[in-house]
Amino acid sequence: MRLGFLLGEVGNGLRRNTGMVVSVVLVTMVSLFFLGLGLLAQSQVDTLKGYWYDRVQISIFLCTPDSTDVAACADGGVTQAQRDRLAADLEGLDPLVEQYFYESNEAAYDRFREQFRNSPVLDNIPQESIPESYRVQLSDPTRYEVVASAFVGAPGVESVEDQREVVDKLFTFLNAVSLSAVALAAVMVLCAVLLISTTIRLTAWSRRRETTIMRMVGASAFTIHTPFVIETVLATVLGAALAIGLLWSMVHFGIAGFLTDLLAGQGGMIGLIGTGDLWLVAPFLVGGALLLAIVTSWMALLRHVRV
Amino acid sequence: MITFENVTMRYAKGDPAALQDVEVEIGRGEFVFVVGASGSGKSTMMRLAILEHEATKGRVLVAGHDLSTLPNRRIPVLRRQIGTVFQDFRLLSGKTVNQNIAYVLQVLGQRRHVIRQLVPETLELVGLSDKVRRMPHELSGGEQQRVAIARAMVNKPPILLADEPTGNLDPTTSEEIVSILDRINRTGTTVVVATHDTSIVNTFRKRVVQLRDGRIVRDQARGEYEAVEVELV
């Protein structure tokens, strides 16, 4: 079958079934929008967690030259002697301290830039104000207080944080958003599958004379099925494009435009996803649309179009 | 060219046989009328030959293919060697005469210059060169059937099967249609016509294979057909 003829057949099919094609586009759009929302909520969780979240329980932030307002840092930045002393103390807390890592100012600044890549506050923060730290992994995370009391106020220590306490509530919320979105997406995908099958059944019925003739003159199954599959693929890919458009507007205007300004204005600092994260999710949405279209239409064709 | 070896066909288990132990051989270049009353098994024979259905028992051989062992992916190859014509013409109502015939070649992936050459040639064969741009609804029944024959023949298949091709036509037009089939047969194409139209069978005097209740009751060269007798039995 020649390409021109194939495209002509596809065009005819789309024209004849405009209503059904539009509904496939819309249902695909809604299902992929929810799927994208779920995935973006997950990447928001990952952005918030940062590098250390899943690895350690406690962060001991050391003094920077700017942190003179804290009593233990009255002498300015942490010294090498203080660093060594703290490391020795951590060693002494074995076996409660299972493992600890030292994060230098450079490494901390790099990670900070990565985590706040979508935030305008990034430009206002000089490298030296990002503290170096010891990241501590506990054999029993509930005994956080033991370590905290040992290091709070120690020379060279600006603060000791159990970051999880702060962010875990937010994570619960985001995970709930993510789960509900994915559950809704699953329901919508089921709708899309049923709708595509019905559409193909109707299209096959309206085109039964053509397919009968194709069959009689010895067209292969591939030739008979391909126009149907291409029509479905076009409809679902259009749906995916619209879903990505909606998600982009949401991220660009809603999060990057509105939420970031709002949070920055409140003085809160929180790493947010940006349109870059959407482009990481988008290929999965388009791939999902293609898979949905090809698998569903092929199954429907096997049932409804005899070859 | 077409051989039925001891073929029995039941559409569903427990149904009466639509064909029972049918044994017939149709040679290359023959013209055969398959006759019989409605339900005698004519259309079933046609359907088995294009592998629309598979025989319940026995072997059907068409153009060198044993249909009982033909894999699904080879069915299109078989069907490209058979042109089919039906009682209801089955033309595409939204396409002109020219487009209806070109459609077959487009489906089979022929190049445009081949299509431009073959379509007018085939239309000339059926005497419709002056109607290329007409839509099917602008044509008489006889003309529509001629378009259907042109469509069946445009790919130059060695076999032409016509299932009641004159069923919707008046006697004069029917005769014209069979004349065209006869002309096609003279170019070497094997033609099988299933019909219960006595007048065309008796006018053209070709080989007649008569079916009754799924069995062959007569196979006669230059045969006649008296439908009334059959109907009374």
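The values are calculated or read from the model by the stated rules, or taken from the named source; none is laboratory data. This one's a predicted model, so the numbers in the text were calculated from it and none came from an experiment. Glycine gets a Cβ as well: all are built from the backbone with ideal geometry, and neighbour counts include every protein chain shown. Calculation scope for accessible area: heavy atoms of the full protein, side chains included, ligands and nucleic acids excluded. Shrake-Rupley method; radii C 1.70, N 1.55, O 1.52, S 1.80 Å.
Summary of values
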read-out	value
B:ILE101 vs. criteria free of Cβ contacts under 8 Å to residues at least 60 places away in the same chain, more than 14 Å from B:ILE180 (Cβ to Cβ) and either in contact with a Leu (Cβ under 6 Å, 6 or more places away or on another chain) or among the basic types (Lys, Arg) (or both)	no
Residue in region A:267-274 that is crowded, with 16+ Cβ neighbours inside 10 Å and either assigned to a helix (DSSP H, G or I) or at pLDDT 90 or above (or both) present	no
Among the residues listed as B:VAL107, B:VAL85, the single one being touching a helix residue (DSSP H, G or I) at 6+ places or on another chain (Cβ under 7 Å), farther than 25 Å from B:LYS42 by Cα and within 14 Å of chain A (Cβ to nearest Cβ)	B:VAL107
Selection status of B:ARG59, more than 10 Å from chain A (Cβ to nearest Cβ), in contact with an Asp or Glu (Cβ under 6 Å, 6 or more places away or on another chain), farther than 15 Å from B:LEU160 by Cα and of a type in the set (Lys, Arg)	yes
Matching residues, region B:51-96, being within 18 Å of the chain's Cα centre (by Cα), small (Gly, Ala, Ser) and outside any loop (DSSP other than H, G, I, E, B)	B:GLY83
Any hit, region B:129-142, residues being open to solvent by less than 40 Å² (accessible area, probe 1.4 Å) and modelled with pLDDT under 90	no
Positions within region A:179-237 being among the charged types (D, E, K, R) and farther than 20 Å from B:LEU78 by Cβ, in sequence order	A:ARG201, A:ARG207, A:ARG208, A:ARG209, A:GLU210, A:GLU231
Filtered residue count, region B:88-104, keeping only those that are among the aliphatic types (A, V, I, L, M) and within 9 Å of chain A (Cβ to nearest Cβ)	3
Close pairs (9 angstrom Cβ cut-off, 6 or more residues apart or separate chains): under 24 Å from A:THR64 (Cβ atoms) in region A:77-105, among the β-branched types (Val, Ile, Thr) and part of a loop (DSSP other than H, G, I, E, B) anywhere	A:GLY77/A:THR64; A:VAL78/A:THR64; A:LEU86/A:VAL78; A:TYR100/A:VAL56; A:PHE101/A:VAL56; A:ASN105/A:THR64; A:ASN105/A:ILE130
Residue within region B:121-143 that is within 14 Å of chain A (Cβ to nearest Cβ) and in contact with a Phe, Trp or Tyr (Cβ under 8 Å, 6 or more places away or on another chain) present	yes
Residue match in region A:63-71 (condition: at pLDDT 80 or above and either over 36 Å from the mean Cα position of the chain (by Cα) or closer than 30 Å to A:ASN175 by Cβ (or both))	yes
Answer from A:ALA181, A:ALA204 - the residue that is in contact with a Phe, Trp or Tyr (Cβ under 9 Å, 6 or more places away or on another chain), open to solvent by less than 60 Å² (accessible area, probe 1.4 Å) and closer than 20 Å to A:LEU39 by Cβ	A:ALA181
